[in-house]
Structures are given as structure tokens and as C-alpha cells.
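First the structure, in the form of C-alpha cells, and then the observations on it.
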Amino acid sequence: MPTKDSSQGYTPSTAKSDHLIRHSTFRQLQIFESIFRLGSFTRAAEELFLTQPTVSMQIKKLTDVVGLPLFEHVGRNVVPTEAGQELYHACRDIFQILANLEMKIADFQGLQRGKLRIGVVTTGKYLVPELLGQFSHEFPGIELSLEVTNRNRIIERMYANEDDLYIMGQAPEGEVEIESYQFSPNPLVVMAPRNHPLVGKKQISLKRISQEPFIMRETGSGIRDATLRIFEAKGLKPNVRMEIGSNEAIKYSIVGGLGLSVLSLHTLTLESKDGPVAILDVEGFPIMRSWNIVYPKGKELSLAAQAFLDFAIQREPEIREHMRKAWPMLKKYLK
């Protein structure tokens, strides 16, 4: 039942529920959401281009408004409290509503303005920026945002609906149905230092390769999974010498003679064919995969996101032809 008010007769129930609205800010909620997601005040400050004291001060103010602790420090880890969990879910709803509003307003303005947020697995950084450059030239009014991280983190971002579109080698399998569109070949090849004795050999057996020291991508990498599958199909195991989560670090390790590795051919895009890294002719390689643009089924795409999806798909024959000319070894695979 509503309560009596001396002037109006009743006190609206909303009068008691606008404390957060009046005393907190969207910036504080954004800082809180970033800390919750990243599990660190320092990483949140880096992501938002703020100083750590500023982040700490704003969270203290928000905590005072809520009236309950939002985080606990357990060792070096930042752990959300029960109140923090509830506030995070509210933040996600608020930010999603605002993002949808922003998308609707941009759609009213057509493709003259708008924002496109894309999440890309690390290997995609060798391909996607050039594609975005071409897209930006055609649609100069679209503001672009590119998040590059590992596959597991991209999948987390997709399930949290943090971006408009996602680019990866293989669509994830899970409870959420996914829309997936191929837009470029993504051959995986065996790489070795230019002076390796196997360079120039024809149809090297996978058994022979399994005897060489091997540099493997980190757990969760799509390249790692594809590589292990091809060895397992022959009843073999690679002789893993080390695991590295960076393509560039792997290439430097190859040049340094630490071992062979399997990487996307796109990682050599800007390098000379006579550079320090060579491609080996190995049984079962290249592993022909595709780059895919994916998003949760049922997701409403903005005009900018739909325009980029159409743009990328239309460029597929052009990308395929470019790769066929640049890498003659792939001609029989890129028909």
C-alpha cells in the first residue's frame, strides 16, 4: 500500500527507489563493470585510460552510495560480493539498453554515422585491419572498434554480447546457437627456420615432423586444436618443446631455432617469401580452414554491422584470388 504524504496524500513508490539514479554516475558503473569483468583495478584502469587512484576513488563513491561492499580482496584477486554480483547484472542490462538505443539512433541516421564493434581472435589481426580499412574508405562515417584477444576470451565476449560481430577460425559449439559466415580462406601451414634441413623437401611425413621439437599455441587456441587433431588421426603426438600464446613470439622462436610450428599463412602476409621463416611441404598440410564472421542467432544487427558482414562476404573471391597469386602452393586448394 502507498504511504501517506502530508502535501499530496501519497508518496509514490518510485520516490524510494531513485537513490542510485541521483547519487551514482554512468562512469562509475562503467568502471565497476570493467573491474568485475577483468578482475583487476589495474587492468580496468588501463582499459578505460584512467589512473588507478581515479578508479579506486570512483568505486569508493559507488560503494558509499550502494551502502554495501562491492568487492573483496582475496590475496591478489578482486572478488565481487553478493551485492556486487547483483549490481553487475543490473549494469549489463543498463548498458545493453543504451547500446540498443545508440544502434537505433545510428540506424535512423543511416550509414552516414554509427559505430561498429568487432572482436577478433589474435591470428585475425593479420587479415582484419586491411578489410576494415577498405570498409572505412567506403563508409567513412562509421566509427570502428577492434578488440583482439584469444579465442576463449572472444567467445566470452560474444556470450556477453559485448561487440557487434566476431571473427574467428571456427564457430564455437555450445548452448547458444550461432550464425556463421565464411569470408576468407585460412590455411594452416608448418613453418620452419629458413636454414632447416627439411626446407625444400617434398611431402615430408607427419611421423618425421613429430620427431622435431615443436612450438605449440596455448590451450584454447583453434590452431592448437586443429594441429593436435591431424597428429592424433595418424596416431602420433608432436614433440612439444614449449607453448606460446603469441604468433609473433612463435615466429621469433622458429627463427631462433627452437622448433617447428603450425600457424596461419596470414601471419606471413607482410613478410618476404625469402624471409627467415619457410613453409614446409608436409603430409596433410595445409589444413584448409576458413575465417568466419559469427554472432549469436537471433541477434539484431545494426545497419553498420550488416553492412560490414555484406562487405566482407562480397570480398571473399577477391581475397581468395589474391592468396592464389601470392602463394602458388595453394592453387590446387583455392579453386
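Criterion applied to ASN195, ASN247 was being more than 30 Å from GLU102 (Cα to Cα), without any contact (Cβ under 8 Å) to a residue 60 or more places away in the chain and not acidic (Asp, Glu), and the one residue passing it is ASN195.
Of all residues in the range 201-230 being part of a loop (DSSP other than H, G, I, E, B) and without any contact (Cβ under 8 Å) to a residue 60 or more places away in the chain, which is surrounded by the most Cβ atoms within 10 Å (Cβ to Cβ)? Before the answer, list the steps.
Looking only at the range 201-230, we keep the residues that are part of a loop (DSSP other than H, G, I, E, B), and these are 201-203, 205, 211-212, 218-221.
In the following step, the residues that additionally are without any contact (Cβ under 8 Å) to a residue 60 or more places away in the chain were identified as 211-212, 219.
Working: GLN211: 11, GLU212: 17, THR219: 11.
Among residues in the range 201-230 that are part of a loop (DSSP other than H, G, I, E, B) and without any contact (Cβ under 8 Å) to a residue 60 or more places away in the chain, the one surrounded by the most Cβ atoms within 10 Å (Cβ to Cβ) is GLU212.
Contact map, the range 19-38: first residue without any contact (Cβ under 8 Å) to a residue 12 or more places away in the chain, second residue crowded, with 19+ Cβ neighbours inside 10 Å, Cβ cut-off under 6 Å, separation 6 or more or different chains; pairs are LEU38/ALA44. In the same structural domain as PHE135 (by TED's automatic domain parsing), part of a strand (DSSP E or B) and either farther than 28 Å from ASP274 by Cβ or at pLDDT 90 or above (or both): does that describe GLU175? Judged against the criteria, GLU175 is not a match. Give the residue that is farthest from GLY39 (Cα to Cα), with candidates limited to residues of the range 53-103 that are in contact with a strand residue (DSSP E or B) (Cβ under 9 Å, 6 or more places away or on another chain), in a helix (DSSP H, G or I) and in the same structural domain as ARG43 (by TED's automatic domain parsing). Looking at residues that are in contact with a strand residue (DSSP E or B) (Cβ under 9 Å, 6 or more places away or on another chain), in a helix (DSSP H, G or I) and in the same structural domain as ARG43 (by TED's automatic domain parsing), I get THR63.
Out of all the residues in the range 147-164, is one or more among the acidic types (Asp, Glu), assigned to a loop (DSSP other than H, G, I, E, B) and touching a strand residue (DSSP E or B) at 6+ places or on another chain (Cβ under 6 Å)? Yes, the range 147-164 has at least one match. Please name all residue pairs, on different chains or six or more residues apart, with Cβ atoms under 7 Å, provided the first residue is in the range 310-335 and is modelled with pLDDT under 90 and in a helix (DSSP H, G or I) and the second residue is among the small types (Gly, Ala, Ser) and buried (at least 16 other Cβ atoms within 10 Å of the Cβ). As it stands, the answer is GLU316/SER184; ILE319/SER184, since those pairs meet every condition given.
Being outside the structural domain of ALA226 (by TED's automatic domain parsing), more than 18 Å from ALA312 (Cα to Cα), loosely packed, with under 15 Cβ neighbours inside 10 Å and among the aromatic types (Phe, Trp, Tyr): is that true of PHE49 here?
On the way: outside the structural domain of ALA226 (by TED's automatic domain parsing): yes; more than 18 Å from ALA312 (Cα to Cα): yes; loosely packed, with under 15 Cβ neighbours inside 10 Å: yes; among the aromatic types (Phe, Trp, Tyr): yes.
Yes, satisfied.
Okay, residues lined up against (1) outside the structural domain of TYR126 (by TED's automatic domain parsing); (2) among the aromatic types (Phe, Trp, Tyr); (3) assigned to a loop (DSSP other than H, G, I, E, B); (4) out of contact with any Gly (no Cβ under 9 Å at 6 or more places or on another chain):
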{"position": "GLY257", "(1), (2), (3), (4)": "yes, no, yes, yes"}
{"position": "VAL262", "(1), (2), (3), (4)": "yes, no, no, yes"}
{"position": "THR267", "(1), (2), (3), (4)": "yes, no, no, yes"}
{"position": "ASP274", "(1), (2), (3), (4)": "yes, no, yes, yes"}
{"position": "ILE279", "(1), (2), (3), (4)": "yes, no, no, yes"}
{"position": "GLY284", "(1), (2), (3), (4)": "yes, no, yes, yes"}
{"position": "VAL294", "(1), (2), (3), (4)": "no, no, no, yes"}
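Has the range 265-273 got any residue that is in contact with a Ser or Thr (Cβ under 6 Å, 6 or more places away or on another chain) and surrounded by 14 or more Cβ atoms within 10 Å (Cβ to Cβ)? Checked against the condition, which is being in contact with a Ser or Thr (Cβ under 6 Å, 6 or more places away or on another chain) and surrounded by 14 or more Cβ atoms within 10 Å (Cβ to Cβ), the range 265-273 yields no hits at all.
The values are calculated or read from the model by the stated rules, or taken from the named source; none is laboratory data. Here the structure is a predicted model, which means the values were calculated and not measured. As a convention, Cβ positions derive from the backbone with ideal geometry for all residues, glycine included, and neighbour counts pool all protein chains shown.
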